[in-house]
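The values are calculated or read from the model by the stated rules, or taken from the named source; none is laboratory data. Given the structure is predicted, the values throughout are model-derived calculations rather than measurements. For neighbour counting, all protein chains shown are included, and Cβ atoms are generated from backbone atoms with ideal geometry for every residue, glycine included. Please note that ligands, DNA and RNA were not included when accessible areas were found on the heavy atoms of the full protein model with its side chains. Shrake-Rupley method; radii C 1.70, N 1.55, O 1.52, S 1.80 Å.
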Amino acid sequence: MGSPPEVPLDELYREVVLDHYRHPRGREPLARVDVTAQGFNPLCGDQVEVALQVGEELIQQAQVLSRGCAICTASASMMAEALPGQTLAQAEQGAEAFRQVMHGKPFPQELPLGDLEALEGVKHFPVRVKCALLPWMTLKEAIAALRRGERRAKATTE
Amino acid sequence: MTSTTSVPVLRPQRVAERFPILQRTVRGRRLVYLDNAATTQKPREVLEALQRFYSHTNANVHRGAYTLSEEATAAFEQCRERVAQWVHAPDPRGVVILRNTTEAINLVAQSWSRRLAPGDEILTTEMEHHSNLVPWLMAAKERGLVLRHVPITEEGELDLAAFRRLLSRRTRVVAVTGMSNVLGTIVPVPELVEEAHKVGAIVVVDGAQLVPHQAVHFGQLGCDFLAFSAHKMYGPTGVGFLVGKPELLEAMEPVLGGGEMIREVFLDRATWNDIPHKFEAGTPNIADAAAFPAALGFLEELTFEAIQAHEQDLTAYAWERLAGLGGLTLHGPKNPSRRGALISFVDEHIHPHDLATVLDTHGVAVRAGHHCAQPLMRRLGVVASVRASFAVYNSREDVDALVFAILAARRFFGLA
Ligand SMILES: Cc1ncc(COP(=O)(O)O)c(C=O)c1O
């Protein structure tokens, strides 16, 4: 068996990723919280909290708090930036598309995913994929809860 | 003996030459393998023993009346005898050959708990690996037992005063690690055993980290059961041992039923085989067990005297280098004579996962995460840490490579 291709470190931690890591966006509290979800990766202890302000199926504002590694923090920050203005269905579609990107599918240029493309390199580091996906899995749970008429949800990667 | 020249000296570079995997590169760099507490690499003689078993001896054990089966049985039983000698077990019948430490602890937890009554107490500690916590949690749930936990001190040692307070006539089992896989703390097992036996509790020792690093004498430890894994001591994966006092094993019910573990079977009942076979249902991991004595031979040749001197020196050196970096919190006792050959640490700014990823690009393999000890991590107030754990083939050069890579990570993340 051959070794996996040797992908350089800056393919994983691109400049944009490091920038989001050092200066995460979307941390400001919302005027109104319609649903929150907490995500947890028991393997590394990474935590994400997503809060959404939603009106007419449209995400008006998002707050995403994260406590974790650079990849998780950057992914959370990019998500927070990309979400406002998307419908719930678009957000779900984005989450699913990003999951598939992490499993090797090409990046969907047509979706409004903001800086997220910079995280594409994570797919070459299988143990880090869950770090990138945690915010998006948490988002999915938040939206699912909202659809059930609930205000709180939990997600774990395991 | 006053002369230091009588102490055998271990030359890690020479030892490393005996491990084929250590000759490979990772991402174009020399492999610096520092995850030995998870599993060690295997020397050539172990690989050859495996190959030899499958090419010359392979057959099922305790069954066929033909040469091959007799040879396979002898090789398997030879493992049991060697292990019994290795830990000075009173009797090879007290050595049950299983898959790993986890299975060994589960066996005791399942079987011994059937002898207990609701309200009986199991005393374990805050620094246990999940494999010495969860089996007891399961048993407690099933049997209505009460679990108590001995806390650790700020230094990362077991709080012995608290142990004495928590120990009572209701305590039926004390389950404790011989050495913490996160803190490196070496637990004073004989002291605990003395107190536990006074109240009539049995003592189960998780020896997964202890047995690979020092000479262990079952009788001197004094415990009733000792569990450990071959794969953490240069042997193959898939073989582990439960060493127990034969009279206790005899009193225990088996947990798995099937072939091998029975004496007579009728359609409506069965009688059990003698110990240790009654705990070894089904075809065991014959080949890996047969190869394990080669690992013990390797350790014997190096001698624990030299191994301990080497590993203590290396751990002290690593502690000094890591502490000298600043910005790292090192967990566990400082005194190298009170700790085993591993150091867990957290960087002030870099998440353990990020650090491990960068280290890997330098060929340095370390563990990042909760190390299967979530309650301990909570107690330490961290969610994850990086752990560097050492073995006979690691050198100061490996520690230097680790330190170099940490500095590179800091530069990479713009923190240096
Ligand atoms: C202290 C301790 N106990 C138990 C285990 C479990 O060993 P195994 O996975 O071989 O059952 C380990 C290793 O992972 C350990 O470090």
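How much of the accessible area of the stretch A:9-153, in percent, comes from carbon and sulfur atoms when a 1.4 Å probe is used? Can you show the working numbers first?
Working: 3170 of 6220 Å².
Solvent-exposed carbon and sulfur of the stretch A:9-153 make up 51 percent of the total.
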To the nearest Å, what is the center-to-center distance of the stretch A:32-83 and the stretch A:134-158, using C-alpha atoms only? 10 Å
Do any of A:Lys105/B:Lys42; A:Lys123/B:Lys141; A:Lys105/A:Lys140; A:Lys154/B:Lys334 go past 29 Å between their Cα atoms, and which? A:Lys105/B:Lys42; A:Lys123/B:Lys141; A:Lys154/B:Lys334
Please calculate the 1.4 Å probe accessible area of A:His103, with all protein chains present, and give it to the nearest 10 Å². 120 Å²
Among all helices in chain B defined by DSSP H, which have a length of 20 Å or more along the axis from Cα atoms plus a Kyte-Doolittle mean of at least 1.0? B:286-302
If I take R0 = 41 Å and measure r between the Cβ atoms of B:Arg411 and B:Glu250 in this structure, what FRET efficiency does the formula 1/(1 + (r/R0)^6) give, to the nearest 0.05? 0.10
Straight-line reach from B:Lys278: which lysines fall under 24 Å, measuring Cα to Cα and dropping same-chain residues less than 8 apart? B:Lys245
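Seen from all sides and averaged, what is the projected area of the convex hull of the Cα atoms in the stretch A:37-158, in nm²?
Details: hull surface 26.5 nm².
In nm², the orientation-averaged hull projection of the stretch A:37-158 is 6.6.
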For the stretch B:176-200 and the stretch B:36-102, what is the separation of their C-alpha centers, rounded to whole Å? 28 Å
Going through the stretch B:248-284, which trypsin sites (Lys or Arg not before Pro) have at most 10 other Cβ atoms within 10 Å and a DSSP loop state? B:Arg269
Hand me the chymotrypsin sites (Phe, Trp or Tyr not before Pro) from the stretch B:50-102 located in a DSSP loop with no more than 15 other Cβ atoms within 10 Å, in residue order please. B:Tyr66
Order by accessible surface, 1.4 Å probe, largest leading, for residues B:Glu126, B:Glu247 comes to B:Glu247, B:Glu126
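So how do A:Cys44, B:Cys372 rank on accessible area, 1.4 Å probe, biggest first, that is with the largest at the start?
Values: A:Cys44 0, B:Cys372 40 Å².
Result of the area sort, largest leading: B:Cys372, A:Cys44.
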Which of the residues in the stretch B:385-416 show a loss of at least 10 Å² in accessible area from their chain by itself to the complete set of protein chains, at a probe of 1.4 Å? B:Phe412, B:Phe413
Can you give the Kirkwood hydrodynamic radius for chain B, in Å, rounded to one decimal and based on Cα pairs? 22.4 Å
Tell me, in nm to one decimal, what length is gained between A:Ala89 and A:Glu28 on full extension, where the rule is 0.36 nm per residue of separation less the Cα-Cα distance? 19.6 nm
Quick one: buried accessible area between A and B, total over both chains, 1.4 angstrom probe, nearest 100 Å²? 1600 Å²
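Within the stretch A:10-80, list the trypsin sites (Lys or Arg not before Pro) lying in a DSSP loop whose Cβ has at most 13 other Cβ atoms in a 10 Å radius. Can you show the working numbers first?
Working: sites: A:Arg14, A:Arg22, A:Arg25, A:Arg27, A:Arg32, A:Arg67; in loops: A:Arg14, A:Arg25, A:Arg27, A:Arg32.
Passing both the DSSP loop test and the Cβ count: A:Arg27, A:Arg32.
Of all DSSP beta bridges in the protein assembly as shown, what percent run antiparallel (nearest 5)?
Details: 45 of 69 bridges.
Here the share of antiparallel DSSP bridges comes out near 65 percent.
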Size descriptor, Kirkwood hydrodynamic radius, that averages inverse alpha-carbon separations across the stretch B:342-413, Å: 12.6 Å
Could you tell me what percent of the accessible area of the stretch B:47-299 is made up of carbon and sulfur, with a 1.4 Å probe and every protein chain present? 51 percent
R0 = 45 Å: FRET efficiency of B:Lys334 with B:Met138, Cβ-based, nearest 0.05? 0.80
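Averaged per residue, what accessible surface does the stretch B:47-299 expose to a 1.4 Å probe, in Å²?
On the way: 10010 Å² over 253 residues.
About 40 Å² of surface per residue is accessible.
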Which cysteines does the protein assembly as shown leave without a neighbouring Cys Cβ under 4.7 Å? A:Cys44, A:Cys69, B:Cys79, B:Cys223, B:Cys372
B:Val146-B:Arg63 pseudo-label distance in nm [points 7 Å out on the Cα-to-Cβ vector]: 4.8 nm
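May I ask you to derive the relative contact order of chain A, considering only C-alpha pairs under 8 Å and at least 6 residues apart, and to give it as an integer percent? Mind dumping the intermediate values first?
Values: 300 pairs, mean separation 47.6, N = 158.
Dividing the mean separation by the residue count of chain A yields 30 percent.
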Sequence gap at least 6, Cα distance under 8 Å: using those rules, report the relative contact order of the stretch B:2-96 to the nearest whole percent. 13 percent
Heavy-atom accessible area per residue, the stretch A:9-153, 1.4 Å probe: how many Å²? 43 Å²
